[in-house]
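Engineer: Take a look at the following structure, please.
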Amino acid sequence: MDPVDGGPCARIHHEEFSRTMADVAAPTHQFDLVLLGGGTGGYVAAIRARQLGLNVAVVEELILGGCCLHRGCIPTKAFLKSADLFDDVKRATEFGVDIAGEITFNYPNALKRSLGVVDSQYKGLMYLFDKKHKIPVFLGRGKLLNKTTVGVTPKDGSAPFSITTPWKSRMSNRLPSAWRARSRSSRILSCPIM
């Protein structure tokens, strides 16, 4: 399930990335909003932007869902649930429940459950992107080339390309003026006037 050799948080050396981005051709795609990163913040922002009517795309270096879904938060919480349940069962007599026989932890089953939880959530996320909201995901490394252009070095080694966005986002006019210059995803996603 390892999306890339070296783990999902592996990074491309900055100089190597800059060198490949110099060869980016003329813009080949245009969107209202391009998000760099399809982790927890990126995919939630992309779905919300699409719900607001924006033509949105995501550039993700490794796999949609990011480290949280595939290696961090979600599989860890699934394992913690198994460990908590194991601990509760060991203490069952405190609650008046008698269990006959030895209580053991079955690691292969806990791992299978954890991977199943990740797989289920990933399939749900892919449904939201592919079928429900039709949000394109460009697998590769993205870099802001200027205020309207994102360069993408594809993960598959194909030729770099660029994505353009309009200089003024339709959404920025709906943000309170104090937020326009320094918007954070946590502020945007909780903005009461959207």
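The values are calculated or read from the model by the stated rules, or taken from the named source; none is laboratory data. What you are looking at is a predicted structure, and each value in this text was computed from that prediction instead of being measured. Glycine also receives a Cβ, built like all others from the backbone with ideal geometry; neighbour counts cover every protein chain displayed.
Engineer: Examine the range 162-170 for a residue that is surrounded by 18 or more Cβ atoms within 10 Å (Cβ to Cβ) and out of contact with any strand residue (DSSP E or B) (no Cβ under 7 Å at 6 or more places or on another chain), and state whether such a residue exists.
Structural biologist: no
Engineer: Answer yes if at least one residue in the range 99-106 is closer than 19 Å to residue 55 by Cβ and at pLDDT below 95, and no otherwise.
Structural biologist: Taking every residue of the range 99-106 in turn, none turns out to be closer than 19 Å to residue 55 by Cβ and at pLDDT below 95.
Engineer: Just need a number here: residues in the range 63-89 that are outside any helix (DSSP H, G or I) and out of contact with any Cys (no Cβ under 8 Å at 6 or more places or on another chain).
Structural biologist: Looking only at that region, the number is 4.
Engineer: Taking residue 152 as the residue in question, decide whether it is buried (at least 17 other Cβ atoms within 10 Å of the Cβ) and either among the hydroxyl-bearing types (Ser, Thr, Tyr) or over 17 Å from residue 45 (Cα atoms) (or both).
Structural biologist: yes
Engineer: Would you please name the residue that is nearest to residue 154 (Cα to Cα), looking only at residues in the range 63-119 that are surrounded by 16 or more Cβ atoms within 10 Å (Cβ to Cβ) and of a type in the set (S, T, N, Q)?
Structural biologist: 114
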